[in-house]
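Accompanying notes for the structure given below.
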Amino acid sequence: MIHKKSLHLEKTVKIYDRYRKFLPVVSFTGGFLWDSLTLTRIDRLSDNLILMAYIILLGLALILVNLHENGRLQSPFLLKYSEWYPLGVQFFLGGLFSSYVVFYFQSASLTKDWLFLAILIFLLLANEFFEKRLTNLYLQTILYSVVTFSFFIFFIPVVIGRIGVFVFLLSGLVALLFIAGLILLLNRTFKIITPVQRRNIIGLVAGLFLILNIFYFLNWIPPVPLALKSGGIYHHVVRSGNDYLLSFEKPAWYQFRKSSDNPFRYAEGDSVFCFAAVFAPTHLNTEIFHFWQHYDSRKQKWETTDRLGYAVTGGRKEGYRGFTFKRN
């Protein structure tokens, strides 16, 4: 029996070594598909608790990595599994980044919001090849700061039911407390950070916090936890009970995916309607705005002529529906 087990183990190790180079791709694809199918709502308690647990476990894994790298790991039990600690860091980072890509993708528009989303996608892809570099304290700090900030940016608004500048700044401060806690443990409790490293780490975290705030005020961060479910321009929109009737030009036979007036063909006396269904978490009530713009051919740029808004009530899976319109 022991001999058979040894043969099975040896065979398993050989298979693992043979296909190890493909594991990052398989892991990335499988993990991302799993998150895409299972992460349905940004306000679901179970999902947020899992992500919170990932952040805490990631911090513990980083502590173990640094204790081992500095020869401070004394427990035989912990030393036995030391080779797995960088893989644990990689696993938790992958789980967090893939979840964020799903959530932020739902909220991003195909314009400037994609800069922040592209950074998350890059870090998600790069994480699959970070294994040998995850012992670098500065890289650890940057990655832990990014995943922590990215989580609290949408978690705090979900908890308190509000969004805005104050809530974003509050989210950043809560994230800073988590990051500061990790640094304090490494610095004061385990004493494995030198004064020079401490100054550099504080500078990295402060710089990242400043960059994220600049991104926010430039509207380069998707407006999580809000997400546009559907929207378009129409010739007429009217509410009928719990439904909305949307009128647009009849598409040609080959335009089987046409569902709005794109482009809008204007005739004298027409009204132009903008309809949108925006998802907001349960208990989150806010106001959204449609910015109506006119293209100035003389200046060769779009100029905002109106800022029309309506209140959004959270909770509806398909999004809270509303519209604005313009005449003349």
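A few remarks follow.
- Test set (1) within 30 Å of Val159 (Cα to Cα); (2) part of a strand (DSSP E or B); (3) of a type outside the set (D, E, K, R); (4) open to solvent by less than 90 Å² (accessible area, probe 1.4 Å) - Val272 fails condition number: (1)
- Residue list for the range 28-69, restricted to those being modelled with pLDDT of 85 or more and not in a helix (DSSP H, G or I): Ile42, Asp43, Arg44
- Filtered residues of the range 289-328 (kept if surrounded by fewer than 19 Cβ atoms within 10 Å (Cβ to Cβ), in contact (Cβ under 8 Å) with a residue 60 or more places away in the chain and under 25 Å from Leu45 (Cα atoms)): Lys317, Glu318
Table: residues versus (1) surrounded by fewer than 15 Cβ atoms within 10 Å (Cβ to Cβ); (2) free of Cβ contacts under 8 Å to residues at least 60 places away in the same chain; (3) part of a helix (DSSP H, G or I).
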| residue | (1), (2), (3) |
| --- | --- |
| Ile153 | no, no, yes |
| Gly172 | no, yes, yes |
| Asn187 | no, yes, yes |
| Val196 | yes, yes, yes |
| Ile202 | yes, yes, yes |
| Pro225 | no, no, no |
| Leu228 | no, no, no |
| Leu246 | no, yes, no |
| Glu249 | no, yes, no |
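- Number of the condition not met by Val25 [criteria: (1) within 26 Å of Phe209 (Cβ to Cβ); (2) at pLDDT below 70; (3) β-branched (Val, Ile, Thr)]: (1)
- Filter result (open to solvent by 80 Å² or more (accessible area, probe 1.4 Å) and part of a loop (DSSP other than H, G, I, E, B)) within the range 230-244: Asn242
- Residues that are assigned to a loop (DSSP other than H, G, I, E, B) and either at pLDDT 90 or above or farther than 29 Å from Val167 by Cβ (or both), drawn from the range 282-314: Ser297, Arg298, Lys299, Gln300
The values are calculated or read from the model by the stated rules, or taken from the named source; none is laboratory data. Since we're looking at a predicted model, the values are computed, not measured. All Cβ positions, even for glycine, are placed from backbone atoms using ideal geometry, and neighbour counts span all protein chains on display. Calculation scope for accessible area: heavy atoms of the full protein, side chains included, ligands and nucleic acids excluded. Shrake-Rupley method; radii C 1.70, N 1.55, O 1.52, S 1.80 Å.
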